[in-house]
Amino acid sequence: MIRLENLSKSFPDGDLFNNVNVTIKRGMRIGLVGPNGSGKTTLLRIMLRKEPPDSGNVQVDKSTTIGYLAQDIVAGTGRTILEEVLVAYPEVRELEGQILALSEAISKDHDNMELVNKLGDVQHRFEALGGWNLEDKAKKILSGLGFSDEKFTEPMDVFSGGWRMRVALASILLQEPDILFLDEPTNHLDLEATIWLESFLSKWKGGIVMISHDRAFLDRSINNILEIDLKKVTLYHGNYTKYTEEKVLRMEQHRNAYRNQQKQIKDTERFIERFRSKNTKATQVQSRVKMLDKMDKVEAPTEQNHAMNFRLPQPSRPPQNMASCRNVTKHYGKIEVFNNLDMVVERGQKIGLVGHNGAGKSTLLKILASVEPVTSGAVRIGNSVSCAYYAQHQLEILNPNETVFNSVQSVSPEWSETQIRTYLGSFLFTGDEIEKYIKVLSGGEKARVALARMLVKPAHLLLLDEPTNHLDMVSRNVVERALAQFTGALVCISHDRHFLNNVTNFTCEVGDGGIRLFEGNYEYYEWKKQEEKSAESPKQKIKSESKVKANYKERKKIQNRLTWIEKRFKLIEKEIKTERAITKNPDYADDYEKLNQALQNMNILELEYLELMEEQEILHSKHLLT
């Protein structure tokens, strides 16, 4: 569908990437990853032809349809959200109006065959465009993204920017383009909507190119990784976890190549310096000088986890009961959020709040932070317990005219410059970056500054609302590590399951006017809920056992096929390597037929690989169900 040929792009401060050659085919669901500032969004925009490359070109098949969700906040309109989603189908809406008008006209003139025939034609065209079920599909997508039925008829301009982004996403998904381009699609979604979207995308038959920093989301919704690093773009087959495993091996190979080349350069420079003035060695010296000039330099490896092993300031030992809600009731007008809620946050607890959209997670966090009053009941913070609250608006209250250094210094006046620099280094601000003004920072950089400011003072209880939003993979690692080491207590909301699994030790399900506490992280919570769901009566167990026996042969058949596919993958990779070697062999440079045959063989093998990957996913899902 899309081919990138010899693509290169640079900015005034250096190259982003060079000689990119990638083909995106139908069925490839690609996660675009790389360090902050490596050029992910730039490459995405080049693919969309919204930004030109410095060299090379982008080939898009003429029949390919594209859907694009950018990070920009979508403007509001007077249309309802359902109308906004359906506006991409103007002909369907027009035909619907014609059907209503013709039906009304026929009801007044039953014998007018011209009207009847015209209505038949219009209905046929309406049916061909999927008009009869288009609205139902739109409602299902909106429901999956967190909209309740009563919201469908509300005007779009009454919703916040985040909810408008969901409407824009619903409109794109409804159109079912050949390829989706998504830039951080989960940033404005809660956990429930994120899980729905990953399930939706995992079954997507078209192509996807997506930037996301949610590891669990990438693992479950994509089947390829396109990485930008060291000014190169590399395609990896498999999900994010498989990519990280391969990346470790490749990075080790790269480090070795870099070390070997650096040794070769130093040895060569030493030879040149030693024999430069000797006439008898002039030829050898010039040869080595030319060799250095022509050498294809290996980029210095980047260490993605280069944050220091910095330990956050830790609070003093607090009392056992750090915060509590007793018989708390919370109403917003006629809407009841909590009814006689009881909750205690104890020392050492790191609680993740989960629940459907509108269940009251953010409200509970605000109540604990004393920024939202209760309708009735009591909220108490333990004696000498200090609290720190992080919400999305924290980014807005940063002083835009302060530097990163000054922003942290203003909340830590007793710290030396070295201490502040070391502290900021742990949040990935190094060198001249600490002199950047807040107003020029990206959303992720501002989030890091806001978190750094909050964590300067050793609060006993941290209350965090989506602390990893807008952060890239490396920044999330830093925050995860810091909070995992934190000796105080915390209550947080996050749609990043990797974060919840690595940081929390309790999960609090919010809903139905109250809460339910699970003694484990999100993975434990999922397992426990599944166990409860599958709890069976004795009769059901007997039926299940019969079903297990009946499915044994089917499972065996699937397992054998999966084993064969894995073996075939290895053979295909070997065969592709052989054909690629032919295309790069200078002996065949003028043998057009041989080169063309090798390229055709590679295309056939790659297509077989993709088809087998699709079959593998289907078989894995069947294997889990049988």
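Would you mind finding the one in Ser384, Ser316 that is closer than 19 Å to Leu455 by Cα, in the same structural domain as Leu490 (by TED's automatic domain parsing) and outside any helix (DSSP H, G or I)? Before you say what the answer is, go through the steps one by one.
On the way: Ser316 fails: in the same structural domain as Leu490 (by TED's automatic domain parsing).
Being closer than 19 Å to Leu455 by Cα, in the same structural domain as Leu490 (by TED's automatic domain parsing) and outside any helix (DSSP H, G or I) holds for just one of Ser384, Ser316, which is Ser384.
With respect to being closer than 30 Å to Ala482 by Cα, out of contact with any Gly (no Cβ under 6 Å at 6 or more places or on another chain), exposed (fewer than 13 other Cβ atoms within 10 Å of the Cβ) and of a type outside the set (Lys, Arg), Leu249 fits the description. Among residues belonging to the stretch 92-102 that are under 25 Å from Arg164 (Cα atoms) and in contact with a helix residue (DSSP H, G or I) (Cβ under 8 Å, 6 or more places away or on another chain), point out the one that is modelled with the highest pLDDT. Here the residue is Val92.
Would it be correct to say that Asp183 is in contact (Cβ under 8 Å) with a residue 24 or more places away in the chain and within 20 Å of the chain's Cα centre (by Cα)?
yes
Within the stretch 349-378, work out how many residues are surrounded by fewer than 13 Cβ atoms within 10 Å (Cβ to Cβ) and under 33 Å from the mean Cα position of the chain (by Cα). Here the count works out to 1.
Residues checked against (1) touching a Cys at 6+ places or on another chain (Cβ under 6 Å); (2) not hydrophobic (A, V, I, L, M, F, W, C):
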residue	(1), (2)
Tyr437	no, yes
Leu441	no, no
Gly444	no, yes
Ala447	no, no
Ala450	no, no
Arg453	no, yes
Pro458	no, yes
Leu464	yes, no
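Mind listing whichever residues of the stretch 101-116 are within 20 Å of Glu91 (Cβ to Cβ) and surrounded by fewer than 15 Cβ atoms within 10 Å (Cβ to Cβ)? Result: Ala101, Ser103.
With respect to Phe126, determine if the residue is touching a Lys or Arg at 6+ places or on another chain (Cβ under 8 Å) and either hydrophobic (A, V, I, L, M, F, W, C) or not in a helix (DSSP H, G or I) (or both).
Numbers: touching a Lys or Arg at 6+ places or on another chain (Cβ under 8 Å): no; either hydrophobic (A, V, I, L, M, F, W, C) or not in a helix (DSSP H, G or I) (or both): yes.
Spelling it out, it is not the case that Phe126 is touching a Lys or Arg at 6+ places or on another chain (Cβ under 8 Å) and either hydrophobic (A, V, I, L, M, F, W, C) or not in a helix (DSSP H, G or I) (or both).
Counting only strands (runs of 3 or more DSSP E) that sit completely within the stretch 432-532, those holding 1 or more residues that are small (Gly, Ala, Ser) and more than 17 Å from the chain's Cα centre (by Cα) correspond to 489-493, 506-511, 514-518.
Taking (1) surrounded by 14 or more Cβ atoms within 10 Å (Cβ to Cβ); (2) over 21 Å from Glu91 (Cβ atoms); (3) out of contact with any Lys or Arg (no Cβ under 6 Å at 6 or more places or on another chain) in turn, Lys139 satisfies each apart from (2). Looking at the structure I just gave you, is Glu531 closer than 30 Å to Leu517 by Cα and modelled with pLDDT of 80 or more? Spelling it out, Glu531 is indeed closer than 30 Å to Leu517 by Cα and modelled with pLDDT of 80 or more.
Selection of first residues in the stretch 368-386 that are of a type in the set (Gly, Ala, Ser) and of second residues that are surrounded by 14 or more Cβ atoms within 10 Å (Cβ to Cβ) and not in a strand (DSSP E or B), restricted to Cβ pairs under 6 Å at least 6 apart or on distinct chains, gives the following pairs, ordered by first then second residue: Ser386/Ala459; Ser386/His460. Among all positions in the stretch 216-230, there is no residue which is of a type in the set (A, V, I, L, M), without any contact (Cβ under 8 Å) to a residue 12 or more places away in the chain and out of contact with any strand residue (DSSP E or B) (no Cβ under 7 Å at 6 or more places or on another chain).
Say we look at the stretch 473-500 and pick out the residues that are without any contact (Cβ under 8 Å) to a residue 60 or more places away in the chain and within 24 Å of Ile211 (Cβ to Cβ); which of these is surrounded by the most Cβ atoms within 10 Å (Cβ to Cβ)?
Kept after step one, since they are without any contact (Cβ under 8 Å) to a residue 60 or more places away in the chain, are these residues of the stretch 473-500: 479-480, 484, 499.
Retained after the next criterion (residues that are within 24 Å of Ile211 (Cβ to Cβ)): 479-480, 499.
Working: Val479: 23, Glu480: 20, Phe499: 28.
Selected residue: Phe499.
Could you pull out the residue among Ala101, Ala88 that is closer than 19 Å to Trp132 by Cβ and outside any helix (DSSP H, G or I)?
Details: Ala101 fails: outside any helix (DSSP H, G or I).
After ruling out the rest, the residue left standing is Ala88.
Residues of the stretch 74-96 that are without any contact (Cβ under 8 Å) to a residue 12 or more places away in the chain and closer than 11 Å to Gln123 by Cα: none at all.
Table: residues versus (1) under 25 Å from Glu445 (Cβ atoms); (2) crowded, with 18+ Cβ neighbours inside 10 Å.
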| position | (1), (2) |
| --- | --- |
| Lys9 | yes, yes |
| Val20 | no, yes |
| Ile24 | no, yes |
| Leu32 | yes, yes |
| Gly37 | yes, no |
| Lys40 | yes, yes |
| Ile46 | yes, yes |
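For the stretch 1-27, the set of residues classified as under 21 Å from Met473 (Cβ atoms) and not in a strand (DSSP E or B) is empty.
The values are calculated or read from the model by the stated rules, or taken from the named source; none is laboratory data. Worth saying up front: this structure is predicted, and the values here are computed from it rather than measured. Positions of Cβ are backbone-derived with ideal geometry, glycine not excepted, and every protein chain shown enters the neighbour counts.
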